[in-house]
1. Is it the case that some residue within segment 565-574 is assigned by TED's automatic domain parsing to the domain that holds GLY479 and under 30 Å from PRO174 (Cβ atoms)?
2. Can you find a residue in segment 231-249 that is at pLDDT 95 or above and under 21 Å from the mean Cα position of the chain (by Cα)?
3. Residues in segment 335-345: is at least one within 13 Å of the ligand (Cβ to nearest atom), at pLDDT below 95 and of a type in the set (A, V, I, L, M, F, W, C)?
4. Whether any residue in segment 491-499 is modelled with pLDDT under 95 and more than 33 Å from the chain's Cα centre (by Cα) is what I want to check.
5. May I ask you to list the residues in segment 271-292 that are surrounded by fewer than 24 Cβ atoms within 10 Å (Cβ to Cβ) and under 23 Å from LEU575 (Cβ atoms)?
6. Could you tell me whether GLN598 is within 16 Å of the ligand (Cβ to nearest atom) and open to solvent by less than 50 Å² (accessible area, probe 1.4 Å)?
7. Please work out if GLY390 is touching a helix residue (DSSP H, G or I) at 6+ places or on another chain (Cβ under 7 Å), within 19 Å of THR263 (Cβ to Cβ), in the same structural domain as LYS251 (by TED's automatic domain parsing) and open to solvent by 10 Å² or more (accessible area, probe 1.4 Å).
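The values are calculated or read from the model by the stated rules, or taken from the named source; none is laboratory data. Here the structure is a predicted model, which is why all the values come from computation and not from measurement. Every residue, glycine as well, gets a Cβ built from its backbone with ideal geometry; the counts of neighbours run over all protein chains shown. Each accessible area value is taken on the protein alone, full model and side chains, heavy atoms only, with ligands, DNA and RNA left out. Shrake-Rupley method; radii C 1.70, N 1.55, O 1.52, S 1.80 Å.
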Amino acid sequence: MDVVLEGLRRLEYRGYDSAGIAVVAGESIQSRKKSGKLANLVNELAARPLPDALTGIGHTRWATHGGPTDVNAHPHLADGGKLAVIHNGIIENFAELKAALLAKGHTFTSETDTEVAAVLMGDFYRARAAKGADENTLTNAMSDACQQLEGAFTLLAIHAENPNTVVAARRNSPLVVGLGDGENFLGSDVSGFIDYTRRAVELGQDQIVTITPDNVEIIDFAGNPAAGKEYLVDWDAAAAEKDGFPSFMEKEIHDQPDAVAATLLGRSDINGRLTLDELRIDPERLKSVNKIMVLACGTSAYAGQVAKYAIERWCRIPTEVELSHEFRYRDPIVDANTLVVSISQSGETMDTLMAVRYAREQGAITLAVCNTNGSTIPRESDAVLYTHAGPEIAVASTKAFLAQITATYLLGLYLAQLRGNMFHGEIKDVLADLGKIPAKIAKILANAEQIKELARSMADAKSVLFLGRHVGFPVAMEGALKLKELAYIHAEGFAAGELKHGPIALIEEGQPVVVVVPSPRGRDSLHAKVVSNIQEIRARGANTIVIAEEGDEAVRAYAEHVFYIPESPVLLAPLLTTVPLQIFACELATSKGYDVDQPRNLAKSVTVE
Ligand code: F6R
């Protein structure tokens, strides 16, 4: 039980509206489950402990079918209480299956699609057991059930009659096996068992795995033998802890110098030539690319929007950025000369996965920029460029965002190198500038107190607007998203030039407006235009909070508050200007007493459409 509970603690960021555990105890299954955070289950277990057991499963839930109640929490029991099942994903044909099972006389206690899978499996188990049960009955029942299930699922099952066995299956939903010594593990990702083993096996699509203390056996849904891919986990357990910060989010904001540095590491040689051999896409194919489409959701999509400015500038390839869920449903034009770059921290975002699949079907070259090794999106893409930000536990993305910008910039430079769009010296200069970014982020972090103090003073703000131009525009939108999701304050990010086309009507006395100002050393017009925007809003009573480059004295006269960031080339500025906005949102939410690691209604991996 303790092992399962510890695993749930590490995986709680994946969903946290209820939690439950089931163990095989003697002839029966015993389970405890509770709505709300894991702490509620811990209290329940203290009040009603589970018996000692060697086999158990546990789950933290993010509700899809049926609200977050005790009854709907997993595990779900079937086969007269002898079978326990947990599930991630959505079973799309659960209504038909449920009707058929009801007609056969089965009953249900919850509203979940998971219970339908459990009852279906129980039905198959009994049918097989009637002909003679053996140690394969649970695996066979899982295989029977999987052949009827449609949708996305990871299922885990235990049965009182197979006391040493856990059987699991996956389709379009994550599952990894941990190989121990006289013990084996399963988890949605390796953090669930990292305290016990670093040897992991990545399962393929539509596979079933049966684990006992000394054996792991993989088959496909039809029962044919299959194999997974073994690898060694290079995260250490400490990397997944908070390092003494009050929240994972704050820790991860402070991880950013390392995240950027690690993402740059090993990607260029000493002569400043990019060496992205890991892509393993035929360079001739990449040279033929005449359009790039970046697909992503949320923060990752803002990283894509930043990347667009750099890629178009450096490679002269038209680049579109689209939200994955919009892309799929509008008949997009992609062909063999389109490079589709998906950006996903988790590598499991269902909207992005589906968009990548669609693009691949159309013949596009698919490249994943991803932070999670072995996750589904990179596995289903032609190539992957990993961001090496390390595990991101806080729901709100921070270090993954900066690592995504860094990785997509490397990709842009690599394409420019391959296609001869930039001189070698130019690429080398950009790489050298990128190499200086981690120290500059560290400098901003060291001066965080000023922005924190302002954030604390603004806990009562009802709405905050964010303005930016050029690469500062997606940064403004990212700043607004962070504030919305963490502090539950209405926030919008606008292109500063759009102000006079409508949003300026929102400005009234005292309205806080955060303005991301481009470097005065860049194109003059850009800086001057934003300074005029600040004047326009200030004249209408806005409380102006300005993020500007060190030495930019021109903004001081128009700003209520100025935060200076170190100098950098215009295109690299988002790697710096984002940081104060993250700190601002994190501190403001903390001062309101909110849990910044697990904001309400959100989940870290959105594995449903
Ligand atoms: C916001 C946030 C989300 C994710 C989005 C995509 O802070 O974290 O907007 O960026 O759900 O997730 P990934 O990158 O895992 O595909």
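1. Checked segment 565-574: at least one residue is assigned by TED's automatic domain parsing to the domain that holds GLY479 and under 30 Å from PRO174 (Cβ atoms).
2. yes
3. No; the residues of segment 335-345 include none that is within 13 Å of the ligand (Cβ to nearest atom), at pLDDT below 95 and of a type in the set (A, V, I, L, M, F, W, C).
4. no
5. Within segment 271-292, GLY272, ARG273, LEU274, THR275, LEU276, GLU278, LEU279 meet the criteria.
6. yes
7. Numbers: touching a helix residue (DSSP H, G or I) at 6+ places or on another chain (Cβ under 7 Å): yes; within 19 Å of THR263 (Cβ to Cβ): yes; in the same structural domain as LYS251 (by TED's automatic domain parsing): yes; open to solvent by 10 Å² or more (accessible area, probe 1.4 Å): yes.
Judged against the criteria, GLY390 is a match.
A quick yes/no check of all residues on (1) under 32 Å from the mean Cα position of the chain (by Cα); (2) crowded, with 17+ Cβ neighbours inside 10 Å; (3) among the acidic types (Asp, Glu):
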| residue | (1), (2), (3) |
| --- | --- |
| ALA22 | yes, yes, no |
| ALA46 | no, no, no |
| ALA53 | no, yes, no |
| ASP70 | yes, no, yes |
| ASP79 | no, yes, yes |
| HIS87 | yes, yes, no |
| PHE124 | no, yes, no |
